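Here the structure is laid out as structure tokens; the discussion comes afterwards.
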Amino acid sequence: MAGEWRDRFLISSDRGMSHAVFITCGDTLQSAWEIERMGRTLNTTLPEDLRDCFVEGCEQSLQEGGPVAVEGRYNDLDLGEVLFRCIMMPVRAQSTIGEFVYGAYTHKRAD
């Protein structure tokens, strides 16, 4: 199962998306920022430039009710300049638990 989730993530929705919490994430996100699979917010986990893109992508996905592609670059203190691609899709629970954003993320160093 871990291999299937390598580049994927699930984020709980929040009124302020920067405070949304990673429910789970694969090795790509975990290894880049040494985060646990659960319980950390976008605000405390991601580099600022990437966090802003994640927040905007999540918000747009929830507003439009469909998949949103996000790509760009950001600077990381350890990795230098990083290129990334991400797709985000809204997921609504059948109960009244709330909304989530499911997606996939990949990155590579820009050399």
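Readers should treat all values here as calculations from the given coordinates under stated rules, not as data from a laboratory. Quick caveat: nothing in here was measured; it's all calculated off a predicted structure. Positions of Cβ are generated from backbone atoms using ideal geometry, with glycine treated the same way; all protein chains shown enter the neighbour counts.
Summary table
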| item | result |
| --- | --- |
| Sites D76 and S12, calculated FRET efficiency, Cβ-Cβ separation with R0 25 Å, nearest 0.05 | 0.55 |
| Computed E for D52/D111 - FRET, C-beta separation, R0 25 angstrom, nearest 0.05 | 0.55 |
| DSSP-assigned coil residues among GluC sites (Glu not before Pro) in region 34-87, each with at most 11 further Cβ atoms within 10 Å | E34, E36 |
| FRET efficiency, Q94 to T24 (Cβ-Cβ, R0 22 Å, nearest 0.05) | 0.70 |
